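Written below as structure tokens is the structure these notes are about.
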Amino acid sequence: MPHAYIGFGSNVGDRLSYIRQALDCLSGDGCTSVVQVSSIYETEPLGNEEQNWFLNGVAKVETDVLPPKLLAILQEIERKLGRQQSEHWGPREIDLDILLYDRFCVSSPRLTIPHTEMHQRRFVLEPFAEIAPDVVHPIFQERVDALLRRATDWAIVRVFSPPPTIGTEC
């Protein structure tokens with residue numbers, strides 16, 4: 001079964017609750033199974049710095065759906081949890097992004113895999129390297145831990161809590 005890595009984040013309301021609910025939904029949708037979750041990291045916002053700090057992490061999932069369907073599942077979870085359309089890099093209840101999907105590369109108006117900015121973002125690379133340091137970026141042909149060492153983003157990223165326990169209630 002293919003593996004995907006999903007980046008998640010929240011900086012509105014009960015951030016940890018939104019993350020737990022999103023991971024529960026992802027585990028209970030019948031198409032995906034969360035097999036590993038990073039610690040939760042508290043991260044300084046990029047772009048619009050006049051907002052709350054984020055909680056971020058990365059989950060490894062097994063899935064039997066192709067990337068466009070996985071994107072639709074993630075967007076439905078965001079909608080179900082009350083995500084409001086907002087400005088780019090703005091506040092959000094929950095954000096779910098496909099970072100990698102096995103070694104596939106996808107480029108379409110709606111979806112780009114690997115995620116276009118993951119190799120530059122410590123808030124993605126720190127949790128990713130925690131759970132899968134040896135995964136190779138399919139375009140740069142570098143391991144995640146090597147990308148982290150070369151990241152140019154110096155925003156603060158610090159461990160907030162251990163990985164959340166995942167249930168199947170959504």
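The values are calculated or read from the model by the stated rules, or taken from the named source; none is laboratory data. Since this is a predicted model, take the numbers as computed values, not measurements. When we count neighbours, we look across all protein chains shown, and the Cβ atoms used for this are built from the backbone with ideal geometry, even at glycine. All accessible areas refer to the heavy atoms of the entire protein, side chains included, with ligands and DNA or RNA removed. Shrake-Rupley method; radii C 1.70, N 1.55, O 1.52, S 1.80 Å.
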Work out the length of the dipole vector of the chain about its Cα centre, built from +1 on the beta-carbon of each Lys and Arg and -1 on the beta-carbon of each Asp and Glu, and round it to the nearest 20 debye.
220 debye
For the stretch 30-71, the spread of Cα positions along each principal axis, largest first, Å:
39, 23, 12
P(r) weight above 17 Å for the stretch 1-101, C-alpha pairs, percent:
47 percent
Counting only protein heavy atoms, what percent of the accessible surface of the stretch 49-170 is carbon or sulfur at a 1.4 Å probe?
51 percent
Surface per residue (accessible, 1.4 Å probe) for the chain, Å²
50 Å²
Please express the Cα-Cα pair-distance distribution P(r) of the chain as a list of whole percents, one per 5 Å bin, running from 0 to the bin with the greatest distance.
1, 9, 19, 23, 23, 17, 7, 1, 0
Peptide ranges 149-155, 116-122 listed from the most packed, as the mean C-beta count within 10 angstrom indicates
116-122, 149-155
Mind listing the phi-derived Karplus ³J(HN,Hα) values for the stretch 129-139, rounded to whole Hz, using 6.51, -1.76 and 1.60 with θ = phi - 60°, and x for any glycine or proline?
5, 5, 9, 8, x, 9, 5, 9, 5, x, 9
Globularity ratio of the stretch 69-152, using Cα Rg and 2.2 N^0.38 Å:
1.16
Ordering 17, 107 by accessible area with a probe of 1.4 Å, largest first, what comes out?
107, 17
Over the Cα atoms of the stretch 103-170, each weighted equally, I'd like the Debye log10 I(q)/I(0) at q = 0.14, 0.16, 0.23 Å⁻¹, rounded to two decimals.
-0.52, -0.65, -1.02
In the stretch 13-93, the chymotrypsin sites (Phe, Trp or Tyr not before Pro) that sit in a DSSP loop and have at most 13 other Cβ atoms within 10 Å of their own Cβ are 89
Per residue of the chain, what 222 nm ellipticity follows from adding -39500 (n - 2.57) for every DSSP H run with n ≥ 4, rounded to the nearest 500?
-8000 deg cm²/dmol
State the answer as a single residue: which of 133, 113, 152 lies farthest towards the positive end of the charge dipole of the stretch 96-158, with beta carbon charges of +1 for Lys and Arg and -1 for Asp and Glu, about the Cα centre.
152
